[in-house]
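Asks: One structure coming up, written as structure tokens, with questions to follow.
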Amino acid sequence: MTHGTGPHGRGNSDIHQTDKRKQTRRIVFIITAILAVLTLLFFIWSLRPIILPAIVGMFVAYLCFPVLKLFTKIGIPRAAGILLLFGTFFIVVMVVANLVGAILPNEKEQLVLRTRFQYKLNERYHAFMGISKQGDTGNIVYKYLGDDLDHFMGSINAALSLNREERMLFMKYRIGYNHLAPIKDKYYEYFLKNTHSVVDREQPTESAKNDGENKTTPAGEDNETSPLAAIMAAFKLWIIMPLVFLFLLIDDGEIKRFFVALVPNRYFEVSLAVFDKVNKAIGNYLRGILMECSLVGLSYAILLSIFGFEIKMAVMIGLFAGIANAIPLMGAGIALACGASYALIAENVNSVLPFITADNLILAVLVCVIIVMAMDNVIFQPFVVGGAVQIHPLAVFLGIIGGSMLFGFAGLILAIPTIVVVKEFIATLFTELKDYYII
Amino acid sequence: MATIKEKKQINAFWGNVFSRFKAGKKIPNIEVLKLCPIFQHLSARELKKVAGLIYERKYHAGEYLFEMDQPGTAMFIIKSGLVKVVVPGHTSQEIELATIKPEDFLGELALLDDTPRSASAKATEKTEALAFFREDLNELVETHPAIGSKILKDLSIIIGQRLKAVNEQIYSKGD
């Protein structure tokens with residue numbers, strides 16, 4: 001196919017000028033693209049604290065696009081649909097925040113949980129090693145590995161034990177503080193036993209740590225770490241989430257049109273095809289993964305409740321495991337770790353299944369995790385996520401490590417969706433470029 | 001190169017048989033759409049909705065709007081300038097099938113599926129075109145079925161008319 005000289009018979013100088021313009025245009029495009037990418041990277045790095053709220057807002061908006069489409073289809077004006085969705089979004093955020101706040105243990109419960117966990121962990125360790133009573137020499141495992149295991153348990157105890165301030169707080173809650181019921185006698189006994197074994201050992205370390213803290217923290221900075229300041233800081237960051245959500249819903253294709261307008265004519269149709277296919281794939285992935293995570297979380301909550309967990313704990317583990325399920329195997333890992341930890345401290349198990357007791361609850365947790373993993377692989381993933389993008393486990397591993405190193409918690413959560421977006425974009429781009437005989 | 005008679009015959013397929021082209025008139029997008037047969041039954045409000053989905057593109061002389069054998073994703077309505085529909089000839093030269101003038105449209109089959117384009121469209125002078133994307137039409141059918149069905153009905157009529165025209169040409173050649 002020739003490009004001809006056109007109907008007006010352009011001369012050689014015209015052709016030369018056109019070629020020169022093409023070359024200049026290409027250079028301008030390349031320089032602009034490089035500058036744009038560098039600026040984007042700079043902004044991403046500088047604004048990394050607000051990445052998570054912004055992406056959560058985008059994610060929710062993505063999920064709401066089909067709903068908005070449905071509203072328009074049934075005759076609700078777009079503006080009214082957006083207002084309705086925004087209102088629902090706010091109500092849902094408030095309700096979820098309240099629910100999560102109610103589920104998460106308060107200060108007193110945290111202290112009691114740590115105390116119970118430390119006590120029960122030591123109790124079970126001693127029972128398993130055969131060193132429960134004074135004068136016991138321990139079983140064969142303890143004889144060979146006792147020193148190493150004791151050292152390991154020592155470091156776990158150091159992490160779990162309450163420091164001086166926490167112990168004082170525990171004592172306040174023990175007699176009733178902040179309008180909360182006093183701590184039960186049984187847990188106080190656990191506290192005494194835990195404290196007795198560590199208080200002498202940690203005395204010098206604790207005082208040294210406090211000295212260090214006093215030296216580095218000026219007195220005036222106390223306000224910055226107060227709960228109110230923390231809430232305000234979180235509010236300032238997370239206020240961006242509803243704004244991103246709202247603006248993306250209001251946008252009626254202007255962002256897409258802006259970017260497509262920048263694309264050279266030769267790639268115009270390719271860009272439309274790529275944009276559309278990537279958009280559909282990401283939408284399907286996000287909606288599928290949300291549904292899968294919700295079902296996995298719900299399954300954990302229901303099964304753990306049946307197996308005898310307190311409803312509050314079952315819901316909390318279900319919530320965390322559900323969220324973490326966006327990262328392959330992480331959901332199961334979280335459920336196993338949290339469930340096993342709870343099984344360790346559980347004393348009164350009221351299971352619907354009579355054969356589940358406090359002693360075998362940890363096995364029940366394992367069975368629960370296996371059941372949910374099987375359900376996820378056999379039912380949820382094939383039927384809910386369907387043909388959504390699959391990622392190589394090595395990419396998942398490297399993505400999570402790299403994401404968390406670069407962007408902390410936000411990077412950990414967003415690593416997989418980002419890899420999916422990039423993978424889908426590159427795969428679709430190259431397929432379309434080949435289809436259009438550009439490469 | 002095709003003869004003038006052949007060109008006229010082929011133009012029955014490629015050209016806008018409903019054209020109400022008035023030369024030298026600079027008109028806004030919505031007016032261009034109003035004159036396009038595919039959107040002729042849309043109300044002003046519906047046209048405004050469609051105008052919001054349109055991509056405006058500018059081409060230099062010699063630039064292709066689309067090329068033969070590439071999958072089609074959009075229909076083009078010429079706002080200003082001149083476009084030639086061409087296919088490669090036996091020699092290195094292109095065979096010109098039709099000339100598309102302002103307010104004419106081309107590539108409308110891309111609104112139905114992504115089968116490869118049967119010819120290339122090349123701007124022969126500075127051209128402004130409005131592109132209407134297939135997926136936007138699909139979404140319009142979902143969200144605004146009244147608009148979508150009017151567009152699809154008119155598209156079917158146009159394709160039918162063109163098929164009839166081509167059939168007539170085949171019969172006349174047979175005679």
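The values are calculated or read from the model by the stated rules, or taken from the named source; none is laboratory data. Predicted, not measured: the structure shown is a model, and the values here were computed from it. Using ideal geometry, Cβ is built from the backbone for each residue, glycine included, and neighbour counts are taken over all protein chains shown.
Asks: When segment A:168-196 is examined, which residues are found to be touching a residue at least 60 places away in the same chain (Cβ under 8 Å) and closer than 12 Å to A:GLN118 by Cβ?
Replies: Residues satisfying the conditions are A:TYR187, A:TYR190, A:PHE191, A:LYS193, A:ASN194.
Asks: Continuing with this model, one more query. If you take the residues in segment B:119-140 that are out of contact with any strand residue (DSSP E or B) (no Cβ under 8 Å at 6 or more places or on another chain) and surrounded by 15 or more Cβ atoms within 10 Å (Cβ to Cβ), which one is farthest from the other protein chains (Cβ to nearest Cβ)?
Replies: My answer is B:LEU137.
Asks: From the list B:PRO145, B:PRO116, pick out the single residue that is within 11 Å of another protein chain (Cβ to nearest Cβ) and either in contact with an Asp or Glu (Cβ under 6 Å, 6 or more places away or on another chain) or of a type in the set (Lys, Arg) (or both).
Replies: Answer to the selection: B:PRO116.
Asks: Report whether or not A:GLY4 is at pLDDT below 70 and either surrounded by 12 or more Cβ atoms within 10 Å (Cβ to Cβ) or in contact with a Leu (Cβ under 9 Å, 6 or more places away or on another chain) (or both).
Replies: yes
Asks: Continuing with the same structure: Looking only at residues in segment A:238-253 that are more than 9 Å from every other protein chain (Cβ to nearest Cβ) and surrounded by fewer than 15 Cβ atoms within 10 Å (Cβ to Cβ), which one is nearest to A:ALA427 (Cα to Cα)?
Replies: It comes out as A:ASP251.
Asks: Where residues in segment A:265-292 are free of Cβ contacts under 8 Å to residues at least 60 places away in the same chain and surrounded by fewer than 18 Cβ atoms within 10 Å (Cβ to Cβ), which of them is farthest from the chain's Cα centre (by Cα)?
Replies: My answer is A:ASN265.
Asks: In segment B:160-175, how many residues are in a helix (DSSP H, G or I) and loosely packed, with under 14 Cβ neighbours inside 10 Å?
Replies: Total satisfying the criteria: 10.
Asks: Test B:PHE76 against the criterion of being more than 11 Å from chain A (Cβ to nearest Cβ) and modelled with pLDDT of 90 or more, and give yes or no.
Replies: For B:PHE76, the condition - more than 11 Å from chain A (Cβ to nearest Cβ) and modelled with pLDDT of 90 or more - is not met.
Asks: In the list A:ASN350, A:ASN377, which residue meets the criterion of being free of Cβ contacts under 8 Å to residues at least 60 places away in the same chain and assigned to a loop (DSSP other than H, G, I, E, B)?
Replies: Going through A:ASN350, A:ASN377 in turn, just one is free of Cβ contacts under 8 Å to residues at least 60 places away in the same chain and assigned to a loop (DSSP other than H, G, I, E, B): A:ASN350.
Asks: Suppose we keep only residues that are not in a helix (DSSP H, G or I) and not hydroxyl-bearing (Ser, Thr, Tyr) within segment A:83-132. Which one would you say is surrounded by the most Cβ atoms within 10 Å (Cβ to Cβ)?
Replies: Filtering segment A:83-132 for residues that are not in a helix (DSSP H, G or I) and not hydroxyl-bearing (Ser, Thr, Tyr), the one surrounded by the most Cβ atoms within 10 Å (Cβ to Cβ) comes out as A:ILE131.
Asks: Given the criteria out of contact with any Pro (no Cβ under 7 Å at 6 or more places or on another chain) and touching a residue at least 12 places away in the same chain (Cβ under 8 Å), does A:ALA337 qualify?
Replies: no
Asks: Separate question: Taking segment A:352-384 only, how many residues are aliphatic (A, V, I, L, M), more than 23 Å from the chain's Cα centre (by Cα) and either surrounded by 18 or more Cβ atoms within 10 Å (Cβ to Cβ) or within 20 Å of A:GLY308 (Cα to Cα) (or both)?
Replies: Count: 9.
Asks: Which pairs turn up if I take residues in segment A:253-264 that are assigned to a helix (DSSP H, G or I) and look for partners that are basic (Lys, Arg) and surrounded by 11 or more Cβ atoms within 10 Å (Cβ to Cβ) with beta carbon separation below 9 Å, at least 6 apart in sequence or on another chain?
Replies: A:ALA261/B:ARG57
Asks: While we're on this one: Search segment B:82-98 for residues being among the small types (Gly, Ala, Ser) and in contact with a strand residue (DSSP E or B) (Cβ under 9 Å, 6 or more places away or on another chain), and hand back the single one that is nearest to the other protein chains (Cβ to nearest Cβ).
Replies: B:GLY89
Asks: Does segment A:351-358 contain any residue that is touching a Gly at 6+ places or on another chain (Cβ under 7 Å) and on the phi > 0 side of the Ramachandran plot?
Replies: no
Asks: Just to confirm my filter: which strands (runs of 3 or more DSSP E) fall fully inside segment B:26-108 and include at least 1 residues that are among the acidic types (Asp, Glu)?
Replies: The qualifying strands (runs of 3 or more DSSP E) are B:55-59, B:94-100.
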